[in-house]
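Structure first, then comments.
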């Protein structure tokens, strides 16, 4: 039983280490040659899952605010809470603001991953 659990842990780590081969290419970058506002999110999530918070932030700064907003929004919807709550709107606004600032920085200063 213990051997089976260890094999499952090792296989899960191997899949996580090689998950980058499953990343989807950005159609906007492919068609137009420049990053979209979401470019870097997939790699950032993988870095976050590997526990590398600094690399995750470097790849796409809005990842953590986006994931927290997503969990809060889905949780609010599932628990039938007030979806017009001020704190939830503020969280969405903050996430959008971080995305906008990050994208403008990437475009203006040619930040390349």
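The values are calculated or read from the model by the stated rules, or taken from the named source; none is laboratory data. Values in this document were obtained by computation on a predicted structure and should not be read as measured data. Glycine also receives a Cβ, built like all others from the backbone with ideal geometry; neighbour counts cover every protein chain displayed.
Results for (1) over 20 Å from the mean Cα position of the chain (by Cα); (2) assigned to a loop (DSSP other than H, G, I, E, B); (3) modelled with pLDDT of 85 or more, shown as yes or no for each residue.
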site: 16; (1), (2), (3): no, no, no
site: 20; (1), (2), (3): no, no, no
site: 43; (1), (2), (3): no, no, yes
site: 65; (1), (2), (3): no, no, yes
site: 71; (1), (2), (3): no, no, yes
site: 74; (1), (2), (3): no, no, yes
site: 92; (1), (2), (3): no, no, yes
site: 107; (1), (2), (3): no, no, yes
site: 110; (1), (2), (3): yes, yes, no
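When region 23-37 is limited to residues that are without any contact (Cβ under 8 Å) to a residue 40 or more places away in the chain and closer than 23 Å to residue 65 by Cβ, the one that is surrounded by the most Cβ atoms within 10 Å (Cβ to Cβ) turns out to be 26.
If the condition is being without any contact (Cβ under 8 Å) to a residue 40 or more places away in the chain, surrounded by 13 or more Cβ atoms within 10 Å (Cβ to Cβ) and over 11 Å from residue 66 (Cα atoms), then region 83-112 contributes 88, 111.
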